[in-house]
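K.L.:
Supplied in structure tokens, the structure appears directly below.
A short reminder: the numbers here are calculations on the coordinates, not readings from a lab. As the structure is a computational prediction, the values presented were derived from the model and not from experiment. Neighbour counts run over all protein chains shown; Cβ positions are idealised from the backbone, glycine included.
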Amino acid sequence: MQNLQRCRIYLRQAVTLTGLSTPSFDRAIQNCETIFNSMKVHFLKDHLNVWQPSTYEGHKALDIHARYFTIRRHAPDEQNLAFGDGIDPSGILSELRGHDLIHTMDNKVEYLKRQDKDDGKIR
């Protein structure tokens, strides 16, 4: 249990996104690399992790994640939010949160679903 207490700040939701080698997704990956390279000049050499795309079954991919918690002292003005529906149905995350961690808007993940309308528009 002690190891879990130390590691709970690292708990996260994650997804891997790939375009299955479509030209438009590969261009998006190149754009991400361009943005990273233009931004890295503003950081000290050893203060930034190198960004690179991942792969999924041989296709370029993006690994995206969001941590469930923020250390309370790092965000003293942030409000501690309840977990959304379906995120913590058994209350395990709420129990792990304790008093030193909070769940903020930066930790919240919203899931969207594409809907095709009858008139052919996408929502």
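K.L.:
What is the number of the single condition among (1) of a type in the set (Ser, Thr, Tyr); (2) at positive phi; (3) within 15 Å of the chain's Cα centre (by Cα) that Thr70 does not meet?
P.N.:
(2)
K.L.:
Do any residues in the range 27-41 that are at positive phi have Cβ atoms under 7 Å from those of residues that are acidic (Asp, Glu), where the two are at least six apart or on different chains, and which pairs are they?
P.N.:
Nothing qualifies.
This table checks each residue for (1) free of Cβ contacts under 8 Å to residues at least 12 places away in the same chain; (2) closer than 29 Å to Ile87 by Cβ.
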{"residue": "Leu11", "(1), (2)": "no, yes"}
{"residue": "Thr16", "(1), (2)": "no, yes"}
{"residue": "Ser21", "(1), (2)": "no, no"}
{"residue": "Phe25", "(1), (2)": "no, yes"}
{"residue": "His47", "(1), (2)": "yes, no"}
{"residue": "His65", "(1), (2)": "no, yes"}
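K.L.:
Now, a different point. Go through (1) within 25 Å of Leu112 (Cα to Cα); (2) over 18 Å from the mean Cα position of the chain (by Cα) one by one and return the number of the condition Leu17 breaks.
P.N.:
Only one criterion is unmet by Leu17, namely (2).
K.L.:
Looking for something under 18 Å from Thr104 (Cβ atoms), more than 16 Å from the chain's Cα centre (by Cα) and acidic (Asp, Glu) - is there at least one such residue anywhere in the range 40-47?
P.N.:
Checked the range 40-47: no residue is under 18 Å from Thr104 (Cβ atoms), more than 16 Å from the chain's Cα centre (by Cα) and acidic (Asp, Glu).
K.L.:
Quick one: what pairs do we get from the range 103-118, first residue within 21 Å of Arg8 (Cα to Cα), second among the acidic types (Asp, Glu) and surrounded by 10 or more Cβ atoms within 10 Å (Cβ to Cβ), C-beta under 7 Å, 6+ apart or different chains?
P.N.:
Thr104/Glu78
K.L.:
Within the range 33-54, which residues are in contact with a strand residue (DSSP E or B) (Cβ under 7 Å, 6 or more places away or on another chain) and either of a type outside the set (Gly, Ala, Ser) or farther than 19 Å from Ile64 by Cα (or both)?
P.N.:
Pro53 - this is the single residue of the range 33-54 that is in contact with a strand residue (DSSP E or B) (Cβ under 7 Å, 6 or more places away or on another chain) and either of a type outside the set (Gly, Ala, Ser) or farther than 19 Å from Ile64 by Cα (or both).
K.L.:
Something else: Which one of Gly91, Gly120, Gly98, Gly86 is within 30 Å of Pro23 (Cβ to Cβ) and among the small types (Gly, Ala, Ser)?
P.N.:
The conditions single out Gly120.
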